[in-house]
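Read the figures in this text as sums done on the coordinates, not as results from a lab. Predicted model, so just to flag it, every value in this text is computed and none were measured. Don't worry about glycine lacking a Cβ; one is built from the backbone with ideal geometry, like all the others, and counts go over all protein chains shown.
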Amino acid sequence: MYIPGQKVTLRPTTRPDLPLLLTLWNDGRVMRWVGFPDGLGYDLARMNAWYDRLQTQPHRHHFMVEHPTLGFCGETYYSADFTHHRAGLDIKLIPGVQGRGLATDALNTLIAHIFAVEPEIHTVWTEPSAVNAAARALYTRCGLAPKPRPAELGEGEAYWERKRA
């Protein structure tokens with residue numbers, strides 16, 4: 001399954017993709033925004049264990065973000081919460097491709113996909129760091145806005161959402 005956007009294509013992550021994700025996740029420039037300024041420090045064995053867990057969780061969907069000439073650009077992900085009719089979002093791109101509108105296209109493509117294939121999901125949400133102005137600008141471009149955080153999510157720095165149109 002390929003999910004085409006205007007600039008990038010999303011496709012489900014496969015085991016052969018793990019070395020690319022390993023590089024992304026171990027890059028402190030990417031991971032500092034989620035609390036890991038030196039990267040995750042994963043090795044391929046740990047990536048394989050993560051992938052094996054992912055395969056047992058049908059409500060979690062992980063995608064590679066690819067560009068026709070740039071190749072691998074990053075990852076995007078959603079986790080469906082059918083009880084609360086929400087899907088949590090995440091996206092990370094390699095530093096060399098940032099600032100080209102690829103994240104906006106990838107996230108808008110993911111959101112459109114979620115609303116097309118998950119009729120029980122009425123809201124997509126994320127929690128951008130207060131110090132990550134680029135992420136907040138991205139989420140704004142994709143129609144998400146800060147809202148009061150639902151109590152069942154527990155404590156958190158932020159809560160941004162977009163409702164199904």
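For the range 7-99, take every pair of Cα atoms, bin their distances at 10 Å starting from 0, and report each bin as a whole percent.
Distribution as computed: 15, 46, 34, 5, 0 percent.
Looking at Gly71, Tyr51, Phe36, which one has the Cα that reaches farthest to the positive end of the dipole of the chain (charges on Cβ: Lys, Arg +1; Asp, Glu -1)?
The listed residue farthest towards the positive side: Gly71.
Taking the range 45-120, which GluC sites (Glu not before Pro) meet the DSSP loop condition and have no more than 12 other C-beta atoms within 10 Å?
Values: sites: Glu66, Glu75, Glu120; in loops: Glu120.
Hits after loop and neighbour filter: Glu120.
For Trp33 and Lys163 in the same chain, what is the full-extension length gain: residue separation times 0.36 nm, less their Cα-Cα distance, in nm?
Values: separation 130, 0.36 × 130 = 46.80 nm, distance 2.48 nm.
Additional length available on full extension: 44.3 nm.
Taking the Cα-to-Cβ direction at Arg15 and at His122 and moving 7 Å from each Cα, how far apart do the two end points lie in nm?
Between Arg15 and His122, the simple spin-label model gives 4.1 nm.
Provide the FRET efficiency to the nearest 0.05 for the Ser129-His85 pair, computing r from the beta carbons and using R0 = 30 Å. Numbers along the way, then the final one.
Details: r = 25 Å, r/R0 = 0.85.
Step by step, r from the Cβ atoms, then E = 0.75.
Mind checking the angle between helix 44-55 and the chain's longest principal axis? C-alpha axes, 0 to 90 degrees, to the nearest 10.
Orientation of helix 44-55: about 40 degrees from the principal axis.
Given the chain, report the % of alpha carbon pairs whose separation exceeds 29 Å.
Numbers: 1917 of 13530 pairs.
Considering the chain, 14 percent of its Cα-Cα pairs are separated by more than 29 Å.
What list do you get for Thr9, Thr56 if you sort them by fewest beta carbons within 10 Å? List each step's numbers first, then the result.
On the way: Thr9 18, Thr56 7.
Fewest to most other Cβ atoms nearby, the residues stand as Thr56, Thr9.
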